[in-house]
Amino acid sequence: MFWVDEIVDKIIETYPNLDEFIIRDEKTLSGPVHVGSLRGVVIHGIITQVLNERGKKAKFVFEFNDFDPMDGMPKELEGKGFDEHMGKPLYTVPAPDGNAENFAEYYGQTFLGVINEIGFRPEVPHAKDAYKSGKMNKWIEIGLTKNNEIREIYKRISGSEKPEHWSPVAVVCEKCGKIGSTDVISFDGEKVKYVCAKHKVKWAIGCEHEGEISPYNGNAKLTWKVEWPAKWDVYNVTIEGSGKDHNAAGGSHNIGEAICKEISHTNIPFNVPYEFFLIGGKKMSASKGLGQSARDIANLVPPEILRYLMIAKKPNQPIEFDPEGDTIPRLFDQHDSAAKWYFEKGEKDVMQTDLARSFELCQLSDKKPTERYLPRFSQLVFIMQIPRLDVYEEMAKIKGSELSDADKEEIDLRMKYAKIWLESFAPDKYKYELQDALPEMAKELTDLQKQFIKALSDKLESVEWDGELIHGNIHEIVKGNEDYTPKDCFQAVYKLFLAKEYGPQVGWFLSALDKDFVINRLQEAVK
Ligand SMILES: [Zn+2]
């Protein structure tokens, strides 16, 4: 059974009588959101989708965490006057573009754009509103009055020792507006005394103001490890997965569970721990001007393919994505083979059934996908680069029948992404230029290669111009002389037409070119 269906089975078994399922995820909006954060979004989104499929009422809630302090400078903002904002709640920092409502909103909306593009429509509450509306007040009080119990849990679960005056609550300084720099000194049941410490943290400088203020209604916030169980409670969360780092023994999830059991007696959501999504390709960001944000990666492949990348592996397996090399053509191929099993009418084994389901779940709408021809990405990339070839015509030849409108739509879509790939990550081996005249490289041919080319040109004169037939004839010639190796022979062909030592499958490649052009070129090379 596909992993999403397995998890949903377990969820329904755990909550057989529940009316409404709240599935929650969040992101602190401290800069461009890394593509890795999409993994959580897709896992939560797809669980919501399948629960709804099963007739359950399920709602996906993706919180913009805009109340955390700005604790790091995004690379793109270095030297742009944002230093003074370090330590302030993200929603009070101005938007980098001057247009968005604030800093958090600027990065949040970009990320939400990608989330919507890949077919998820979560509700998007904001952390600052949860605090300002008073919904978090109960938990601020827990933080202030049970700080010793919480400190003891930290020590027992994670071994981390907090100083005696430690408080899980931080106040927004009334003077400088920073929250990262303040320490609570005391709480009298209504107001907290606090100090804005100059060097509490490395990334922000406090103004040394000492003040007294009510900690409620958005004047203060909880530290992450207490805020998390608070949000499980306040949002009434049924299901919330999280990355491997949070789920390590003694990590924030363990601490959250202990707080729920021992202090608040509130619900612990169904957990779906998941592994990291890692980006390979060190060269990637710098040399090609492309980053690792969700937006950057979403620009490289169609939304369905991005969804496929995120769901093909089980949550407990890491995903390593290196946009360099063969990754992108291979990702299309894997997706297409999943599609093939989806449309296959005959019997399927367990693996094939799972592949079919993965294809079904990477669709953007719940409408059944239309069966269409999926052009092989690497072939399309080649055809596109040969100006004399008509893409539809060649694709119809490969498909073996006329293209439908849906086929053409798919080809157009893939061409758009193939072009982006050719301009960004495609390795040289995928870049071709058909040589209009005999290239210099022809001089490099050995006597044996020339002998093969001569034999090939003689043979092809009488061969019907079809990829398979050309392919078969080439192999016959190669086999006919024990000194020939396929590698040397194919290389000779590529050198003559592409001025390269490699190329696409040789029979199909030649068949895509005009017969006279091919034979003339072969003859010219051995003249
Ligand atoms: Zn201050």
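Screening Thr145 with (1) touching a residue at least 12 places away in the same chain (Cβ under 8 Å); (2) in contact with a helix residue (DSSP H, G or I) (Cβ under 9 Å, 6 or more places away or on another chain) gives one miss only, at (2).
Here Gly87, Gly55 are screened, and the one residue that is farther than 19 Å from Ile239 by Cβ and not aliphatic (A, V, I, L, M) is Gly87. Of all residues in the range 487-497, one or more are of a type in the set (Asp, Glu) and either modelled with pLDDT under 90 or part of a helix (DSSP H, G or I) (or both).
If you go through the range 150-171 and keep only what is within 36 Å of the chain's Cα centre (by Cα) and within 17 Å of Ala197 (Cα to Cα), you end up with Pro168, Val169, Ala170, Val171. Does Ser186 satisfy the criteria of being in a strand (DSSP E or B), away from the ligand (no atom under 16 Å from the Cβ) and more than 18 Å from Phe67 (Cα to Cα)? Considered against the rule, which asks whether it is in a strand (DSSP E or B), away from the ligand (no atom under 16 Å from the Cβ) and more than 18 Å from Phe67 (Cα to Cα), Ser186 comes out as yes.
Number of residues in the range 149-180 that are within 16 Å of the ligand (Cβ to nearest atom) and over 19 Å from Tyr131 (Cα atoms) equals 2.
Among the residues making up the range 197-218, those that are more than 13 Å from the ligand (Cβ to nearest atom) and part of a loop (DSSP other than H, G, I, E, B) are Lys202, Trp203, Ser214, Pro215, Tyr216, Asn217, Gly218. Looking across Asp71, Asp9, Asp19, one residue alone is out of contact with any His (no Cβ under 8 Å at 6 or more places or on another chain), within 26 Å of Phe276 (Cα to Cα), surrounded by fewer than 16 Cβ atoms within 10 Å (Cβ to Cβ) and touching a residue at least 12 places away in the same chain (Cβ under 8 Å). It is Asp71.
Of the residues in the range 291-309, how many are among the charged types (D, E, K, R) and surrounded by 22 or more Cβ atoms within 10 Å (Cβ to Cβ)? I'd like the intermediate steps shown before the answer.
Residues of the range 291-309 among the charged types (D, E, K, R): 295-296, 304, 307.
Of the ones still in play, those that are also surrounded by 22 or more Cβ atoms within 10 Å (Cβ to Cβ) are 307.
So the answer is 1.
On inspection, Lys515 does not qualify as charged (D, E, K, R) and buried (at least 17 other Cβ atoms within 10 Å of the Cβ).
Taking first residues from the range 216-232 that are farther than 16 Å from Ile179 by Cβ and partners that are surrounded by fewer than 24 Cβ atoms within 10 Å (Cβ to Cβ) and among the acidic types (Asp, Glu), the Cβ contacts under 8 Å between residues at least 6 apart in sequence or on separate chains come to Pro229/Glu257; Lys231/Glu26; Lys231/Glu63.
The residues of the range 398-418 that are assigned to a helix (DSSP H, G or I), free of Cβ contacts under 8 Å to residues at least 60 places away in the same chain and surrounded by 14 or more Cβ atoms within 10 Å (Cβ to Cβ), listed by number, are Lys399, Asp407, Lys408, Glu410, Ile411, Met415, Ala418.
The values are calculated or read from the model by the stated rules, or taken from the named source; none is laboratory data. This structure is a prediction, so every number in the text was calculated from the model and none was measured. Methodologically, a virtual Cβ is constructed for each residue, glycine included, from the backbone with ideal geometry; neighbour enumeration extends over all protein chains shown.
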